[in-house]
């Protein structure tokens, strides 16, 4: 690894950590950077998953004051871990091509869901009108599906989690984003353990990307909690749309 590679990966890690904390989709920055340094697509994928984990942890720390219900976090943690484990095993056991063709539409659907969240709530019911049992089951279902997706692919995971959690939680965007950071970090921990043990991780690249991703994650989380809910919402929608279109272009190219 030469100085140019180190500079490229450091900048990519910083940008990805910031983007992941605010909206998600930082892998679109780090993954191509890892490819550019000479890694194969598979090695770049698993190396990227391990590298961005410290950024998720820093995001949790940066948004910790918006985690208003710590007990709820503990209750959903097992669901997030199980979903992420299954996603990782699915990635290691099956070809990714078919899923990659579906992912862009999932990301675009998540962005659309967030954009029309208020209207959708009138159809599926507002969280405050749900029974406690339905609210809990819906929350676990959303966390499980999001973590499964994150363990398998992960691009724009933040967009999908914010859109899904926003349908079942009656909270501000900052608090939903803080919970999103926790779920992302739990999934990230699973990918570190799974890919670290069974995947072709390039640990030299991890040592370059991870520290800057951590700095970016903290900065992004602090920035996200200062943005008005409407601004944060439409920023995530815009970024999710761009990510979805980029993924769609890559899938059909």
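The values are calculated or read from the model by the stated rules, or taken from the named source; none is laboratory data. The structure displayed is predicted, hence computed values, not measured ones. Note that each Cβ is placed from the backbone with ideal geometry, even for glycine, and that neighbours are counted across all protein chains shown.
For every residue, the table says whether it meets (1) over 19 Å from residue 42 (Cα atoms); (2) in contact with a strand residue (DSSP E or B) (Cβ under 6 Å, 6 or more places away or on another chain); (3) part of a helix (DSSP H, G or I).
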position	(1), (2), (3)
195	no, no, yes
201	no, no, no
211	yes, no, yes
219	yes, no, yes
224	yes, no, yes
236	yes, no, yes
242	yes, no, yes
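Can you pull out the residues in region 136-161 that are surrounded by fewer than 24 Cβ atoms within 10 Å (Cβ to Cβ) and either at pLDDT 85 or above or in contact with a strand residue (DSSP E or B) (Cβ under 7 Å, 6 or more places away or on another chain) (or both)?
If the condition is that a residue be surrounded by fewer than 24 Cβ atoms within 10 Å (Cβ to Cβ) and either at pLDDT 85 or above or in contact with a strand residue (DSSP E or B) (Cβ under 7 Å, 6 or more places away or on another chain) (or both), then 136, 137, 138, 139, 140, 141, 142, 144, 145, 148 are the ones that fit.
Any chance region 201-210 includes a residue that's modelled with pLDDT under 90 and more than 13 Å from the chain's Cα centre (by Cα)? Can you show your working first?
Just the residues of region 201-210 that are modelled with pLDDT under 90, to begin with: 201.
Narrowing further to those that are more than 13 Å from the chain's Cα centre (by Cα): 201.
Yes, that holds for at least one residue.
Mind listing whichever residues of region 147-166 are part of a helix (DSSP H, G or I) and more than 14 Å from residue 236 (Cβ to Cβ)?
Quick first cut of region 147-166, residues part of a helix (DSSP H, G or I) only: 147-152, 157-166.
Matches in region 147-166: 147, 148, 149, 150, 151, 152.
Of the residues 182, 190, 246, which single one is within 21 Å of residue 33 (Cβ to Cβ), part of a helix (DSSP H, G or I) and either touching a helix residue (DSSP H, G or I) at 6+ places or on another chain (Cβ under 9 Å) or touching a residue at least 60 places away in the same chain (Cβ under 8 Å) (or both)? Step through it out loud before you land on a result.
Working: 182 fails: within 21 Å of residue 33 (Cβ to Cβ); 190 fails: within 21 Å of residue 33 (Cβ to Cβ).
When all the criteria are applied, what remains is 246.
Residue by residue, here is whether (1) buried (at least 23 other Cβ atoms within 10 Å of the Cβ); (2) within 19 Å of residue 91 (Cβ to Cβ) holds:
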{"position": "163", "(1), (2)": "yes, no"}
{"position": "169", "(1), (2)": "no, no"}
{"position": "174", "(1), (2)": "no, no"}
{"position": "178", "(1), (2)": "yes, no"}
{"position": "189", "(1), (2)": "no, yes"}
{"position": "194", "(1), (2)": "no, yes"}
{"position": "197", "(1), (2)": "no, yes"}
{"position": "203", "(1), (2)": "no, no"}
{"position": "210", "(1), (2)": "no, no"}
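I'd like the full set of residues that are in a helix (DSSP H, G or I), at pLDDT below 85 and buried (at least 24 other Cβ atoms within 10 Å of the Cβ), limited to region 23-43.
The one that is in a helix (DSSP H, G or I), at pLDDT below 85 and buried (at least 24 other Cβ atoms within 10 Å of the Cβ): 27.
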